[in-house]
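Here the structure is laid out as structure tokens; the discussion comes afterwards.
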């Protein structure tokens, strides 16, 4: 196949400035792989003397810092491959010391990837050296699956195809019959072999992503080495309205650009969370390759689109079509066509260009929710499908904006090993680990594999409710990491109804750290960590557990079960992947919202008098209203909601001092359902 003039690659290069990747290059797969092992073209090849220190560092992290390992070994006992990365790395260590070497460098990296894959944990990942970073192997189309409504079987279809692919009848929605000569299901399983997930549904979705998009730094396949096989893939598909399969042959290309890198950032100033490197790189690559990050709406005002379009997409029934790939008519319930609903998709809890994700994303989410409160007062859909995670503090702060109930942040545990206890007992303070260190220094360490639970999101940093109204949360098996934790908190605090297309979310319950963060932030005593030679790594450093009615239940491997499981249709699949079709899932979510009660408190017209503040209060769907001054936990006034005086006279503090803010809480049968706050310092009149 002549690839010198391949149209999809030409189209990408021609539009690289518009795509935001001005340094983009594309080359065939085999020349790229040959360059990777050529010292003249890859000056960062490791010396054989570097191999043993590399393996030993990875081994030390897993045996001393990794809290999931004993649970993984028990849960996946008897499965193949067995979750025993330690045994695999020890065997690799024995092979690596042999002289002359019995393997090549590519074999070494693939063996480490294979060892880490046994724990089925995308957070705990290996990243190959610099040459591979920013390199994405890809095919010129994407695939997905939906559930056949008649048979219940998975049906695999094309969800996107690049311009210029040149295959007659090949378009979104056509069914894929087989791939590379094998059954489609077995092909997907093979694609996920080096980057497995915690449950079968997540494995299937991640396998589908890696079937056509593979970050070379953090995933791969054993056959991508000498002797190389073909650099093309062959598959069969059924054109629309046809029962005769048609064969297609497409090449693997390798896109390389600095912004596609799976590089880990430099050491953070405090413990941080991250999306798994391969998932984040894969989603970033998808955004670039199909132009989704160019989210534009010509003629729209600044308030109609997100300031961070790679993170948020939102829309209302009266909004402009296309902002979130939804027809506004899709936001109507057949059971009550007059109700006004809104939609906001949170694509990730990360933003690579921001140094303050935990502040920037909640602030933007609050702005969007205020817009939705005005235009969609009867309920909103929050879509976390395929959100790979990111900053946990940002996620928990954003969750608080959807409910009047105070969110109790998720708990986290460290591995209870001698090395961790020595690190915590050190005189060196670790920012954000004060509670863990206090346990160690006082000898308050429990028996068992984990330390005591503590949150990493300060409860005092939680914001106030922003959106008042019913909320439906959409999730799938690719809802992962911080998105898992968001979904868990949503369920544990009864924020609304969770609708999922899979039996659970992805099961990524951890606070992941990069290896460079471990080196920079952990005290030198008790740990031998040094910079990895050439490579990088992440590890699930803290294991999360849930709160409230599910206190102590882990998210890792378990995920969060939806309240309602709704099989994914072809329309759902195509809409989720950017095609302008009505989503059956969104329609179902609107019908669900239509049956949910609205609880809301509206405040206006505050006037400060000599000893009290007068406020106009409109209470919807509540039977009691409490008024609380400033940071007090006790109400200064409690009134029935069915005949509120207008205005309501709210007394000052008992010492006569006027409040800076008044919080108003609405209850139904003693259960908190809505809240609103008004700040009185600057805008007040005082007679």
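The values are calculated or read from the model by the stated rules, or taken from the named source; none is laboratory data. All of these numbers come straight from a predicted model, not from anything done at the bench. As a convention, Cβ positions derive from the backbone with ideal geometry for all residues, glycine included, and neighbour counts pool all protein chains shown.
Numbers below:
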quantity: Enumerated strands (runs of 3 or more DSSP E) restricted to the stretch 467-533, each holding at least 3 residues that are closer than 20 Å to residue 576 by Cα and in contact (Cβ under 8 Å) with a residue 60 or more places away in the chain; calculated: 471-475, 497-500
quantity: Test result for residue 680, at pLDDT below 95, closer than 23 Å to residue 406 by Cα and in contact with a strand residue (DSSP E or B) (Cβ under 8 Å, 6 or more places away or on another chain); calculated: yes
quantity: Residues within the stretch 627-654 that are closer than 17 Å to residue 468 by Cα and surrounded by fewer than 18 Cβ atoms within 10 Å (Cβ to Cβ), tallied; calculated: 0
quantity: Residues within the stretch 614-630 that are more than 17 Å from residue 672 (Cβ to Cβ) and either in contact (Cβ under 8 Å) with a residue 60 or more places away in the chain or outside any strand (DSSP E or B) (or both), tallied; calculated: 2
quantity: Single unsatisfied condition, residue 426 versus (1) in contact with a strand residue (DSSP E or B) (Cβ under 7 Å, 6 or more places away or on another chain); (2) buried (at least 17 other Cβ atoms within 10 Å of the Cβ); (3) within 27 Å of residue 62 (Cα to Cα); calculated: (1)
quantity: Restricting the stretch 60-85 to residues that are surrounded by fewer than 18 Cβ atoms within 10 Å (Cβ to Cβ) and touching a helix residue (DSSP H, G or I) at 6+ places or on another chain (Cβ under 9 Å), the residue that is modelled with the lowest pLDDT; calculated: 81
quantity: Index of the failed condition, residue 579 passing every other in (1) in contact (Cβ under 8 Å) with a residue 40 or more places away in the chain; (2) more than 30 Å from residue 172 (Cα to Cα); (3) part of a loop (DSSP other than H, G, I, E, B); calculated: (2)
quantity: Helices (runs of 4 or more DSSP H) fully within the stretch 354-456 counting 2 or more residues that are closer than 26 Å to residue 500 by Cβ and in contact with a helix residue (DSSP H, G or I) (Cβ under 9 Å, 6 or more places away or on another chain); calculated: 357-375, 392-400
quantity: Per-region count, the stretch 75-103, residues within 25 Å of residue 49 (Cα to Cα) and either outside any helix (DSSP H, G or I) or touching a strand residue (DSSP E or B) at 6+ places or on another chain (Cβ under 7 Å) (or both); calculated: 7
quantity: Leading residue by the ranking (surrounded by the most Cβ atoms within 10 Å (Cβ to Cβ)) among those in the stretch 167-206 that are in contact with a helix residue (DSSP H, G or I) (Cβ under 7 Å, 6 or more places away or on another chain) and at pLDDT 90 or above; calculated: 176
quantity: Elements of type strands (runs of 3 or more DSSP E) contained in the stretch 121-166, each with 1 or more residues being farther than 12 Å from residue 277 by Cβ and at pLDDT 90 or above; calculated: 135-138, 141-147, 154-161
quantity: Unmet criterion (only one of (1) touching a residue at least 12 places away in the same chain (Cβ under 8 Å); (2) surrounded by fewer than 19 Cβ atoms within 10 Å (Cβ to Cβ)) for residue 553; calculated: (1)
quantity: Condition met for residue 587 (modelled with pLDDT under 95 and not in a strand (DSSP E or B)); calculated: no
quantity: Meets criteria (assigned to a helix (DSSP H, G or I), surrounded by fewer than 22 Cβ atoms within 10 Å (Cβ to Cβ) and free of Cβ contacts under 8 Å to residues at least 12 places away in the same chain) for residue 111; calculated: no
quantity: The stretch 534-549 - residue that is assigned to a loop (DSSP other than H, G, I, E, B) and in contact with a strand residue (DSSP E or B) (Cβ under 9 Å, 6 or more places away or on another chain) and, of those, surrounded by the fewest Cβ atoms within 10 Å (Cβ to Cβ); calculated: 547
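Table: residues versus (1) buried (at least 18 other Cβ atoms within 10 Å of the Cβ); (2) modelled with pLDDT of 90 or more; (3) out of contact with any strand residue (DSSP E or B) (no Cβ under 8 Å at 6 or more places or on another chain).
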{"residue": "399", "(1), (2), (3)": "yes, yes, yes"}
{"residue": "402", "(1), (2), (3)": "yes, yes, no"}
{"residue": "411", "(1), (2), (3)": "yes, yes, no"}
{"residue": "422", "(1), (2), (3)": "no, yes, yes"}
{"residue": "440", "(1), (2), (3)": "yes, yes, yes"}
{"residue": "443", "(1), (2), (3)": "no, no, yes"}
{"residue": "457", "(1), (2), (3)": "yes, yes, yes"}
{"residue": "461", "(1), (2), (3)": "no, no, yes"}
{"residue": "468", "(1), (2), (3)": "yes, yes, no"}
